[in-house]
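Worksheet: one structure, shown below.
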Amino acid sequence: MSHPLHLAVSGSGPRVRFAPSPTGFLHVGSARTFIFNWLYARHNGGTMILRLDDTDVERNTEASVSSIFEGLKWLGLSWDEEYKQSERLELHRKIALAIFEKGLAYRDFTPAHAGEADRSGTQAAWLFNLGMRELSRGESDRRAAAGETFALRFRVPREAGQPVCFNDAVYGEQAKSAADIEDFALLRSDGMPTYHLASCADDADLRISHIIRGQDHLTNTFKHVLIFEAVGVKPPQFAHLPLLVAPDGTKLSKRRHGPVVSVTTYRDAGFLSEAFVNFLCLLGWSPKNDREQMSVPELTQAFSLEGINRANAVVNFTQEDPFDAKAVWLNAEHIRASTVEDLSARLLPIACQAGFSVDPGKMLRVTPLIRERIKLLRDVLVVADFFFVDHLAPYDPAELIPQKGDLAMAKKVLQRAREVLEKTEFKHDLLDAALRPAAQELAVKAGQMFQPIRVAVCGRKNAPPLFETLEVLGKETTLARVEQAIAKIQ
RNA sequence: GGCGCUAUCGUCUAGGGGUUAGGACGGAAGAUUCUCAAUCUUCAAACCCGGGUUCGAUUCCCGGUAGCGCUACCA
């Protein structure tokens, strides 16, 4: 692990954390949770903490850790403190022991997985493994000393018949009878803490004030409240987020839904991170003022827990259309809102990687011509390719034929265009002023004059405005391509 | 099965005891431009069902249904 730990406990505002478990790449749902936490921290002048919840040694991978950092880095939202649960095992064990010593937990010597079989039955057997809860302390100590392995389980106070309660900032007052909560594990038989224990121990120790996380943890929260109470710590404020689901209504998963659930897929497709953040924010949260396109500072300003919705949000995608249309539209909005300089700098590496011959100066001139014509950064490759290649890809000569015209007209137009272009300075307004009268002289409509030229220089009918395009392309390239077009229809 | 959560156009959402139920994406049509895009205009499109409460419920309450989540020595 090469990531530095920042242990400085800073600020006086709320302390929130994003606590992913490194068992896969950074998921869009996780990214949204991170973003909501970040927004809450920044809006309230609080502290954003990143904590790797890596207590499941079986499933954690180093690749996943770097993938998570890679995704977060792209989002461009920084955090203030960083921790790894696996480096805090002493604390977890200490807290587990304290709970045990208070009699609020007991050793369970049942072999792992032994109780799974009959848990689906109607009996209450799923709540605990028979016999273990009542083991005397002496007997328990004896068996432990004899080397028998055990899990440590929380002794849920079912007898009292009291409900466990908490107030959720999103879902309101929550209560659940302790009789419906099973004796969950705190420590595994290998001594490693479970998620519930490690998470609460760290949240208490790091003085987390607000836990903002997915709604899949809503029912777990009753267990967590029990742990906080057992430790003698006031539970943090909880705020559960509605889940992001696929069009089929199920939780997004790589196995079922493919790479669209990974943040890096959006990055690689040419989303601006700001647009992606913007899109995610609008799933399950609303500024309630009809605003949609918002910058990160604007989102920070507008964000509040009150705006969070309770119903799951569908990320709408299909096999053919892997990205939600609204995400794409928002991205286009952010692209159009970018400055030419900024957009150009983002486009340049993409074009270079694709093997186009570009330099910053040329991209700077091309960018304003395509800014309103691309939805994703990668679209530059199909929208502006003809600016960056020495030879146009082959096209059907029939494309040169103008509307309501024929091959003869195309030829006539191109030959005249060649003459005009040769003696015109390549400035878009001068080109306009020269080519428009030329059309009149030939008794063709302006569109009939421009279209063959456009196809000759762009290789296709749909392209940016002609005169600006010609100006960027330059006289030499333009004339060469017009010449080639004429040759095609000889 | 048990427990919990949720339910407004196809999707994201606003709203809320009396509204023409608002916006956005997407869709359709039109305007505009040298094509495309952008822009503008217009249109279609929703309160899950059943009971209550009420003069009046899409809104409040209850029930149903459906969906989701939890029910691991995963997180």
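The values are calculated or read from the model by the stated rules, or taken from the named source; none is laboratory data. For clarity, every value in this text was computed on a predicted model and none was experimentally measured. With ideal geometry, Cβ positions are generated from the backbone for all residues, glycine too; neighbour counts draw on all protein chains shown.
Odds and ends about this structure:
Table: residues versus (1) surrounded by fewer than 18 Cβ atoms within 10 Å (Cβ to Cβ); (2) within 30 Å of A:Ala239 (Cα to Cα).
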position	(1), (2)
A:Arg310	yes, yes
A:Phe317	no, yes
A:Leu330	no, yes
A:Leu348	no, no
A:Pro368	yes, no
A:Asp379	no, no
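- Flag if A:Leu369 is under 18 Å from A:Val472 (Cβ atoms), within 12 Å of RNA strand B (Cβ to nearest atom) and part of a helix (DSSP H, G or I): yes
- A:Val233 being surrounded by fewer than 23 Cβ atoms within 10 Å (Cβ to Cβ), among the β-branched types (Val, Ile, Thr), outside any loop (DSSP other than H, G, I, E, B) and more than 20 Å from the chain's Cα centre (by Cα): no
- Residues that are out of contact with any Gly (no Cβ under 8 Å at 6 or more places or on another chain), in a helix (DSSP H, G or I) and either at pLDDT 95 or above or not acidic (Asp, Glu) (or both) within the range A:41-70 comprise A:Arg42, A:His43, A:Ala63, A:Val65, A:Ser66, A:Ile68, A:Phe69, A:Glu70, listed in sequence order.
- Applying a threshold of 7 Å to beta carbon distances and a minimum spacing of six or more residues, or different chains, the list of pairs starting in the range A:158-177 at a residue that is in a loop (DSSP other than H, G, I, E, B) and ending at one that is within 7 Å of RNA strand B (Cβ to nearest atom) and among the aliphatic types (A, V, I, L, M) reads A:Tyr171/A:Leu218.
- In the range A:355-371, residue nearest to A:Leu272 (Cα to Cα) [restricted to those that are aliphatic (A, V, I, L, M) and modelled with pLDDT of 95 or more]: A:Ile370
- Cβ pairs under 8 Å, 6+ apart, first in the range A:372-400 and farther than 30 Å from A:Ser273 by Cα, second assigned to a helix (DSSP H, G or I) and charged (D, E, K, R): A:Leu392/A:Arg481; A:Ala393/A:Asp385; A:Pro397/A:Lys488; A:Leu400/A:Lys488
- Matching residues, the range A:308-323, being near RNA strand B (Cβ under 6 Å from one of its atoms) and either among the β-branched types (Val, Ile, Thr) or outside any strand (DSSP E or B) (or both): A:Asn309, A:Arg310, A:Ala311, A:Asn312, A:Val314, A:Asn316
- Filter result for the condition that a residue is within 12 Å of RNA strand B (Cβ to nearest atom) and farther than 18 Å from A:Glu90 by Cα, over A:Gln174, A:Gln162: A:Gln174
Each row is one residue, and each column tells you yes or no for (1) surrounded by fewer than 19 Cβ atoms within 10 Å (Cβ to Cβ); (2) of a type outside the set (Phe, Trp, Tyr); (3) in the same structural domain as A:Cys458 (by TED's automatic domain parsing).
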| site | (1), (2), (3) |
| --- | --- |
| A:Asp385 | yes, yes, no |
| A:Ala410 | no, yes, yes |
| A:Val413 | no, yes, yes |
| A:Arg418 | yes, yes, yes |
| A:Glu422 | yes, yes, yes |
| A:Glu425 | yes, yes, yes |
| A:Pro437 | yes, yes, yes |
| A:Glu441 | yes, yes, yes |
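- Check on A:Met363, of a type in the set (A, V, I, L, M, F, W, C), without any contact (Cβ under 8 Å) to a residue 40 or more places away in the chain and part of a loop (DSSP other than H, G, I, E, B): no
- All conditions but one from (1) touching a helix residue (DSSP H, G or I) at 6+ places or on another chain (Cβ under 8 Å); (2) under 16 Å from A:Ile401 (Cα atoms) apply to A:Thr477; the one that does not is (2).
- Boolean, A:Phe228 is among the aromatic types (Phe, Trp, Tyr), part of a helix (DSSP H, G or I), away from RNA strand B (no atom under 13 Å from the Cβ) and touching a residue at least 24 places away in the same chain (Cβ under 8 Å): yes
- Any hit, the range A:338-352, residues being small (Gly, Ala, Ser), within 17 Å of the chain's Cα centre (by Cα), farther than 18 Å from A:Pro464 by Cα and within 15 Å of RNA strand B (Cβ to nearest atom): no
- Sole residue being within 30 Å of the chain's Cα centre (by Cα), part of a helix (DSSP H, G or I) and either within 8 Å of RNA strand B (Cβ to nearest atom) or surrounded by fewer than 17 Cβ atoms within 10 Å (Cβ to Cβ) (or both), chosen from A:Asp202, A:Asp216: A:Asp216
- Search result, residues across the range A:244-269 that are more than 9 Å from RNA strand B (Cβ to nearest atom) and on the phi > 0 side of the Ramachandran plot: A:Gly258
- Odd one out for A:Val389 among (1) within 14 Å of RNA strand B (Cβ to nearest atom); (2) outside any helix (DSSP H, G or I); (3) under 28 Å from A:Gly474 (Cα atoms): (1)
- Of all the listed residues (A:Ala239, A:Ala332), the sole one being over 30 Å from A:Asn220 (Cβ atoms) and touching a helix residue (DSSP H, G or I) at 6+ places or on another chain (Cβ under 9 Å) is A:Ala332.
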